[in-house]
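**Student:** Below is a structure I'd like to ask you about.
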Number of protein chains: 2
Amino acid sequence: MSQSVTACVIVIGNEILSGRTQDINLNHIATTLGGWGIQVHHARVIPDDEDIIVNTINEVRGSYDYVFTTGGIGPTHDDITAVCIAKAFGVPIVQHPDIEERIRQRPAPDDVMASRLLMARVPEGAALIDNPSGGPQGFAMENVHVMAGIPRVMQAMLSTLEGELTTGPVIRSHTVRAYTGESSIADALALIQQNHPDADIGSYPFLREDRYGTHIVIRSSDVDLLRRIADAVMEAVQDIGETPEDLGLDADASA
Amino acid sequence: MSQSVTACVIVIGNEILSGRTQDINLNHIATTLGGWGIQVHHARVIPDDEDIIVNTINEVRGSYDYVFTTGGIGPTHDDITAVCIAKAFGVPIVQHPDIEERIRQRPAPDDVMASRLLMARVPEGAALIDNPSGGPQGFAMENVHVMAGIPRVMQAMLSTLEGELTTGPVIRSHTVRAYTGESSIADALALIQQNHPDADIGSYPFLREDRYGTHIVIRSSDVDLLRRIADAVMEAVQDIGETPEDLGLDADASA
């Protein structure tokens, strides 16, 4: 199997930690990157605190191929991400002419413009991430990609990175549904996992219309391997007298 | 202000990192603990990997008053949380008689029962967290609380901890809505924040029925202080010719 490419997601924002806002950015980033062949291996949610942001970025940026942050790049006092990334990399913060140009396209009184121009600040040497939603761009500093917190804007920014990043094999999934308690097939699944260390077999119980069941999700970049393991899982479910359903490749069975 | 009590949430599960499952546990835990007077200051999402789980638990458990984990306590091979917590604390894993008793109440063939009894394993010395949803209990090892990943079950477990934990002041919020771009009030908000370092002022832009606006959320345990800051924010919005809406205490304006 060729080398996997990994990512870490850092969600920045007091509003996520307080519970005011339900984060949906991690899920979108994980799904999108996964489809490109980049695996999210780690995620953190941290507050709008300079020391914590700087230390977190420096702790993770060497451990993953890519880091993606969301949040804290607006024009108010609690938007400190750009300054923190500059500190993490030990470079000055500068006003980027391309972001400035975009911001100045929409006229505003001087004091308002001054606040809006705070969004033009990037660490020296950063590359821009375009923002098809029309607002100021995000930026990348080495392997750290800094995006907006508003999901619609973040999604627009992320979409522009398609084809721009180093990618590895795409991990596919194959799902089998069984209306049985997990314990009834636990031994068989453990044995199948043991025999196939290159794939990742997960079991996710659910309750649907008063029936207990479990989704067995097999993950690997090797579609033939997935088929063989799925067959073994189907057989294991039949062995205990139940009728498995083969939901096939990349099924959305997240119930 | 009396000492705040802090928590760290560790979401354990490949299915969250792959994007298969949208996590909703962090939000519920943050909201629930916040209501009790415990502030979630940090959260991580990590894979079902023994070394990573053990190291993460040992990294965070000394830095927060409480750690809450979700996921990985079922009966299958990928449910390794209990074993990892025991390793993190350097104690053996033992079968807890109370969990065993609950599991044995529902008869099963020997091999199935053997798998189900894996859910009775806890680190030696752990206390149980009851599970009103009827399944096996969770457990707490010192300040680390280990709960199920299925939201309904996790919520049931967490609810039993009400009144059992050390709590600090409850952080209240006061929200002002303004139909204005953030940049128009950024300077005023920064000044208000500077004048009130004991409160946390956040600005969260939104787009609603084609109108841009922002929610200014002030957070503090001091309700009188919140009122004074909210008044200052209302005035700042009026100063730029807009009409603010006072959404009041603990408003749910998470749009």
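**Student:** Assigning unit charges at the beta carbon (Lys, Arg +1; Asp, Glu -1) and nothing else, what dipole magnitude in debye, to the nearest 20, does the stretch B:172-249 show about its Cα centre?
**Tutor:** With only Lys, Arg, Asp and Glu charged at Cβ, the dipole is about 200 debye.
**Student:** Considering every residue in A:110-117, what mean count of other chain Cβ atoms within 10 Å of its Cβ is obtained?
**Tutor:** On the way: counts 0, 6, 9, 1, 3, 10, 5, 1.
Per-residue shielding by partner chains comes out at 4.
**Student:** For the protein assembly as shown, state the average projected area of the convex hull of the C-alpha atoms over all orientations, rounded to one decimal in nm².
**Tutor:** Reported value for the Cα convex hull: 24.6 nm².
**Student:** How do A:F89, B:F206 rank when sorted from fewest to most other Cβ atoms within 10 Å of their own Cβ?
**Tutor:** Values: A:F89 19, B:F206 15.
Starting with the residue having the fewest Cβ neighbours, the order is B:F206, A:F89.
**Student:** While we're looking at this one, here's another question. Charges on Cβ only, +1 for Lys and Arg, -1 for Asp and Glu, centred on the Cα centroid of chain A; of A:S63, A:G90, A:A108, which one is farthest towards the dipole's positive end?
**Tutor:** A:A108
**Student:** Quick one: check the C-alpha center-to-center distance for the stretch B:185-241 versus the stretch B:43-64, whole angstrom.
**Tutor:** What the calculation gives is 36 Å, centre to centre.
**Student:** Across peptide B:21-28, how many C-beta atoms of other chains are within 10 Å of each residue C-beta, on average? Walk me through the numbers before you get to the answer.
**Tutor:** Numbers: counts 7, 9, 6, 3, 0, 8, 8, 2.
Going residue by residue through B:21-28 and averaging, the value is 5.
**Student:** Which value at 222 nm does chain B reach when only helices count, each DSSP H run of 4 or more adding -39,500 (n - 2.57), with the total divided by all residues and rounded to the nearest 500 deg cm²/dmol?
**Tutor:** -10500 deg cm²/dmol
**Student:** In addition: Where the Cα atoms of chain B are projected onto their three principal axes, how long is each span, largest first, in whole Å?
**Tutor:** So the extents along the principal axes, rounded to whole Å, are 74, 40, 32.
**Student:** Along the Cα-to-C-beta direction of A:Q22, a point sits 7 Å from the Cα; which residues of the stretch B:151-167 have their amide N less than 14 Å from that point?
**Tutor:** Those under the cut-off are B:151-152.
**Student:** Okay, moving on. Just how large is the dipole of the stretch A:76-182 about the Cα centre, in debye to the nearest 20, putting +1 at every Lys and Arg Cβ and -1 at every Asp and Glu Cβ? Provide the component values of the computation, followed by the final result.
**Tutor:** On the way: 9 positive and 13 negative charges, 62 e Å.
Taking the Cα centre of the stretch A:76-182 as origin, the dipole is about 300 debye.
**Student:** Percent of Cα-Cα pairs more than 14 Å apart in the stretch B:89-133, please.
**Tutor:** Values: 501 of 990 pairs.
Considering the stretch B:89-133, 51 percent of its Cα-Cα pairs are separated by more than 14 Å.
**Student:** By the scheme Lys and Arg +1, Asp and Glu -1, what is the net charge of all other residues having a beta-carbon under 11 Å from that of A:N27?
**Tutor:** On the way: positive: B:R20; negative: A:D23, B:E15, B:D23.
Neighbourhood net charge equals -2.
**Student:** Something else now. If you take the square roots of the eigenvalues of the alpha-carbon gyration tensor of the stretch A:48-173 and sort them as a ≥ b ≥ c, do you get rounded (a/c under 1.5), prolate (a/b over b/c) or oblate?
**Tutor:** Working: a/c = 2.00, a/b = 1.36, b/c = 1.47.
In terms of gyration-tensor shape, oblate.
**Student:** Sticking with this one: Would you mind working out the magnitude of the charge dipole of the protein assembly as shown relative to its Cα centre, with +1 at each Lys and Arg C-beta and -1 at each Asp and Glu C-beta, to the nearest 20 Debye?
**Tutor:** Numbers: 34 positive and 72 negative charges, 37 e Å.
Dipole about the Cα centre, nearest 20: 180 debye.
**Student:** How do A:108-119, A:160-171, A:75-86 rank on mean C-beta neighbours within 10 Å, highest first?
**Tutor:** Values: A:108-119: 16.9, A:160-171: 14.7, A:75-86: 22.8.
Sorting A:108-119, A:160-171, A:75-86 by mean packing, highest first, produces A:75-86, A:108-119, A:160-171.
**Student:** Please report the net charge: other residues with Cβ closer than 11 Å to the Cβ of B:I10, K and R +1, D and E -1. All intermediate terms of the calculation are to be shown ahead of the outcome.
**Tutor:** Details: positive: A:R44, B:R44, B:R61; negative: B:E59.
Spelling it out: positives minus negatives among the neighbours equals +2.
**Student:** Which ordering of A:H145, B:H42 is given by a fewest-first count of other beta-carbon atoms within 10 Å?
**Tutor:** On the way: A:H145 24, B:H42 20.
Least crowded to most crowded, the residues run B:H42, A:H145.
**Student:** Normalised by the residues of the stretch B:172-249, what does the relative contact order come to in percent, with Cα pairs under 8 Å and at least six apart? If you can, show how the numbers build up before the last one.
**Tutor:** Details: 139 pairs, mean separation 36.6, N = 78.
It rounds to 47 percent for the stretch B:172-249.
**Student:** Now for a separate question. Consider just the alpha-carbon atoms of the stretch B:172-254 and return their Rg together with their Dmax, both in angstrom.
**Tutor:** For the stretch B:172-254, the Cα radius of gyration and maximum Cα-Cα distance read 11.6, 35 Å.
**Student:** In chain A, what percentage of the DSSP-assigned beta bridges are antiparallel, given to the nearest 5? Numbers along the way, then the final one.
**Tutor:** Values: 29 of 45 bridges.
Counting DSSP beta bridges with both partners in chain A, the antiparallel share is about 65 percent.
**Student:** Take B:V9, B:V223 and order them by how many other Cβ atoms sit within 10 Å, fewest up front. Can you show the working numbers first?
**Tutor:** Details: B:V9 28, B:V223 11.
By the 10 Å Cβ count, ascending: B:V223, B:V9.
**Student:** For the rotation that superimposes chain B on chain A, which residue of B has the C-beta lying nearest to the axis, and at what distance in Å?
**Tutor:** Nearest-to-axis residue on chain B, with distance in whole Å, is B:R44, 3.
**Student:** Kindly work out what percent of the DSSP beta bridges joining two residues of the protein assembly as shown are antiparallel, to the nearest 5. Let's see the in-between values first.
**Tutor:** Numbers: 61 of 93 bridges.
For the protein assembly as shown, the DSSP antiparallel bridge percentage is about 65.
Any read-out appearing in this document is the output of simple, stated calculations on the displayed coordinates, not a laboratory observation. Every value quoted in this text rests on a predicted model; they were computed, and no experiment measured them. Neighbour counts run over all protein chains shown; Cβ positions are idealised from the backbone, glycine included.
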